[in-house]
Amino acid sequence: MNLTLFQLNDVHGYLNPHQEVFYGPAGPEYRRCGGYARIASLLGALRQSYPDSLLFDGGDTFHGTRPVVATQGDILPPILNELGFAAMTAHWDFAYGPAHLRELVGRLSYPLLAANVFHRDSGALAYAPTLLLEVAGLRVGVVGLACPIVDKTMPAHFSTGLRFTDGAAELPGHVQRLREQERADLVILLSHCGFPQDVALLEGCPGIDVCLSSHTHNRLYQPFVAGGALVIQSGSHGSFLGRLTLTIENGRVTGHAHELHEISEDIVPDAALQARIDAALVPFAELREVVGVTATGLHRGTSVECPADDFLLASLQALVPADLYFSNGWRYGAPIPPGPVQLNDLYNLVPMDPEIETVELTGAELHELLEKNLEGTYSQNPLHQMGGYVKRALGLRAYFKAENPKGSRLQTVFVQGQPLDPARTYTAAFITSQGVPHQLGRNRQKTGQHAVAAMRAFLKMHRPLVVHARDTFTVV
């Protein structure tokens with residue numbers, strides 16, 4: 001018998017088609033993709049061909065675009081409920097606090113699964129860890145793992161009252177229970193831990209047939225095999241829909257077929273769902289205002305440095321005097337191709353429009369900040385990787401070895417053209433605690449300036465905008 005699994009992951013609130021970056025022979029290329037109404041149309045057609053199917057959402061759903069953030073995700077449940085999901089898990093979905101996420105999930109027609117999220121006071125699970133579904137004559141067990149970094153590198157209010165683990169200790173017991181007590185014919189891991197992390201988890205936990213991986217925005221055009229499980233991940237921003245059709249005989253997966261479907265503009269959108277989306281976006285018409293022109297494609301598609309964040313940090317520099325400028329290495333954010341720039345494009349880069357802050361850091365603290373970030377990006381233990389790319393920075397130049405062990409990656413660091421002085425105090429301007437964590441530095445000050453206004457002002461001064469690579473970080 002056959003069972004088809006459909007996967008969406010890391011949609012980040014992109015309700016409509018948007019630009020997406022692709023890697024071409026001459027560099028980045030751009031084309032419009034995505035949109036829930038087009039996803040719905042494709043799903044409708046595929047479900048005709050694959051009637052025995054389940055659709056899963058890997059999380060990063062309730063955050064990432066201005067309309068979604070401005071409504072704290074409230075705009076989404078009526079849209080999501082039209083698609084027929086079986087379950088989801090979470091990461092940035094905690095951005096409005098656990099209590100609000102619980103309200104949002106209560107409005108969905110399907111559960112949020114997380115076997116690795118616990119109440120700090122009682123130790124009890126905060127969400128259902130597993131789900132058992134019956135489809136195509138099969139008993140399908142699903143284990144959910146939320147992103148483990150929520151209480152480690154995200155703003156503190158994301159995890160109020162909650163504790164997150166990497167899932168390694170919890171996963172085997174749930175798999176065993178689904179197999180032995182629930183008599184599951186198939187076990188699926190629905191994970192927002194990240195592709196490298198999921199591979200490590202699977203190699204330490206036999207008995208899983210399929211892993212629907214999320215968080216790291218990988219476009220896997222064919223499944224990866226780890227620990228006997230098929231692993232798929234389907235890009236980000238709703239630009240792709242993953243399909244994995246399994247052939248199952250005597251409780252074993254004996255064959256599979258996979259396709260990563262691009263949600264292209266050629267797909268005719270579902271008319272009813274598009275009308276619902278259009279109505280929900282009426283209050284946000286001002287986001288279509290053209291606020292500048294760029295001659296450089298602005299994207300976040302590279303892990304060490306990218307033009308989108310070079311632009312963002314230069315905008316901070318133009319407003320706030322400092323020695324250094326920091327932002328987080330976020331992966332989300334639709335690219336902006338050369339041409340007109342809308343206000344919506346700026347919010348896509350920083351949908352929460354954070355206030356610019358300043359902080360005083362010693363050279364020793366800067367060294368610690370950078371080493372910790374490189375460990376979180378390139379740790380030789382995947383379960384110690386903390387998500388995101390190398391920290392975005394302006395005002396420094398660092399040479400590092402990605403393959404070195406923890407604490408030994410930095411080779412040479414310069415600040416404003418001078419060697420980093422461990423004893424000197426530097427002023428850094430930054431956005432969000434992911435830019436400079438609270439445990440570092442002193443004399444934190446709010447500037448009253450916000451990121452979107454800073455970028456808008458910079459575009460007004462630079463028309464068209466031209467961004468040159470700064471080679472802030474160099475792998476040696």
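The values are calculated or read from the model by the stated rules, or taken from the named source; none is laboratory data. Computed from a predicted structure; not experimentally measured. Cβ coordinates were reconstructed from backbone atoms using ideal geometry, including for glycine residues, and neighbour counts include every protein chain displayed. When the accessible area is computed, the model is the full protein with side chains, heavy atoms only, and any ligands, DNA or RNA have been set aside. Shrake-Rupley method; radii C 1.70, N 1.55, O 1.52, S 1.80 Å.
Listed values, structure above:
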{"item": "Every residue from the range 124-180 that is of a type outside the set (A, V, I, L, M, F, W, C), without any contact (Cβ under 8 Å) to a residue 40 or more places away in the chain and part of a loop (DSSP other than H, G, I, E, B)", "result": "Y127, D151"}
{"item": "Residue pairs meeting the criteria (Cβ under 7 Å; at least 6 apart or on separate chains; first without any contact (Cβ under 8 Å) to a residue 12 or more places away in the chain, in the range 324-341; second assigned to a loop (DSSP other than H, G, I, E, B) and open to solvent by 10 Å² or more (accessible area, probe 1.4 Å))", "result": "none"}
{"item": "Residue list for the range 88-104, restricted to those being free of Cβ contacts under 8 Å to residues at least 40 places away in the same chain and surrounded by 18 or more Cβ atoms within 10 Å (Cβ to Cβ)", "result": "D93, Y96, L101"}
{"item": "Of all residues making up the range 46-87, the number that are β-branched (V, I, T) and either in contact with a Cys (Cβ under 6 Å, 6 or more places away or on another chain) or surrounded by fewer than 19 Cβ atoms within 10 Å (Cβ to Cβ) (or both)", "result": "2"}
{"item": "Extreme residue, farthest from F85 (Cα to Cα), among residues of the range 107-123 that are hydrophobic (A, V, I, L, M, F, W, C) and not in a loop (DSSP other than H, G, I, E, B)", "result": "F118"}
{"item": "Members of the range 422-467 that are surrounded by 16 or more Cβ atoms within 10 Å (Cβ to Cβ) and over 27 Å from F158 (Cα atoms)", "result": "Y426, T427, R456, A457, F458, L459, H462, L465, V467"}
{"item": "Among (1) hydrophobic (A, V, I, L, M, F, W, C); (2) open to solvent by less than 10 Å² (accessible area, probe 1.4 Å); (3) within 30 Å of G44 (Cβ to Cβ), the one test that L281 misses", "result": "(2)"}
{"item": "Some residue of the range 330-337 being buried (at least 17 other Cβ atoms within 10 Å of the Cβ) and more than 30 Å from E403 (Cα to Cα)", "result": "yes"}
{"item": "Residue pairs meeting the criteria (Cβ under 7 Å; at least 6 apart or on separate chains; first surrounded by fewer than 16 Cβ atoms within 10 Å (Cβ to Cβ) and at pLDDT 95 or above, in the range 25-41; second of a type in the set (D, E) and not in a loop (DSSP other than H, G, I, E, B))", "result": "R31/E20"}
{"item": "Residue count for the range 366-397, restricted to those that are acidic (D, E) and either outside any helix (DSSP H, G or I) or open to solvent by less than 30 Å² (accessible area, probe 1.4 Å) (or both)", "result": "2"}
